[in-house]
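What follows is a short report on a single structure.
The values are calculated or read from the model by the stated rules, or taken from the named source; none is laboratory data. Remember, it's a predicted structure, so these values are computed and weren't measured experimentally. Note that each Cβ is placed from the backbone with ideal geometry, even for glycine, and that neighbours are counted across all protein chains shown. To get the accessible areas, we keep the full protein, side chains included, count just its heavy atoms, and leave off ligands, DNA and RNA. Shrake-Rupley method; radii C 1.70, N 1.55, O 1.52, S 1.80 Å.
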Amino acid sequence: MTDERPDPIRLRDDILQFLYWMEGEGLGRDLTLEQLSHYLKQPGDWVGEAVAALQETGHLEREASQPPRFRLSDQGSIEGRRRFQEEFEPYLGQESHLVCDDPDCDCHSPDFQGACRHLSTPQD
């Protein structure tokens, strides 16, 4: 964990990008505050503030569970994708993150939003 408080906007970006990446890799769709804090290496109270701000703007949804779990809303998925691509596109070596191997799939379209249906995890 770091002792230096991160820029609040940067932390919100990191949360959106991380949840987007996690879902696209098939690792899950939601995390608790404790899990987000662990993966982002930031204190829980800072992550909690960022999550609350992302809920207010409609980018995150709270799951009805104990402890509460948070996931990207449709708006959050779009924004997470945009921010992920902006930051990591030079390193990806492909047209986009979260595209499948089927060249006829709509995920290869430049206008595609969200995660490819072939790569998404099944919904409960």
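A compact table of results
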read-out: Members of the stretch 79-119 found to be at pLDDT below 75, closer than 23 Å to ARG12 by Cβ and either open to solvent by 90 Å² or more (accessible area, probe 1.4 Å) or not in a helix (DSSP H, G or I) (or both), listed by number; value: PRO90, TYR91, SER96, HIS97, LEU98, GLN113, GLY114, ALA115
read-out: Meets criteria (at pLDDT 95 or above and out of contact with any strand residue (DSSP E or B) (no Cβ under 7 Å at 6 or more places or on another chain)) for ALA64; value: no
read-out: Complete set of residues in the stretch 44-78 that are surrounded by 14 or more Cβ atoms within 10 Å (Cβ to Cβ) and part of a loop (DSSP other than H, G, I, E, B); value: HIS59, SER73
read-out: Within the stretch 26-43, considering residues that are surrounded by fewer than 19 Cβ atoms within 10 Å (Cβ to Cβ) and among the hydroxyl-bearing types (Ser, Thr, Tyr), the one farthest from PRO6 (Cα to Cα); value: THR32
read-out: Test set (1) closer than 17 Å to GLU87 by Cβ; (2) in a helix (DSSP H, G or I); (3) out of contact with any Lys or Arg (no Cβ under 9 Å at 6 or more places or on another chain); (4) not aromatic (Phe, Trp, Tyr) - PRO6 fails condition number; value: (2)
read-out: Residue in the stretch 15-23 that is surrounded by fewer than 18 Cβ atoms within 10 Å (Cβ to Cβ) and either acidic (Asp, Glu) or modelled with pLDDT of 95 or more (or both) present; value: no
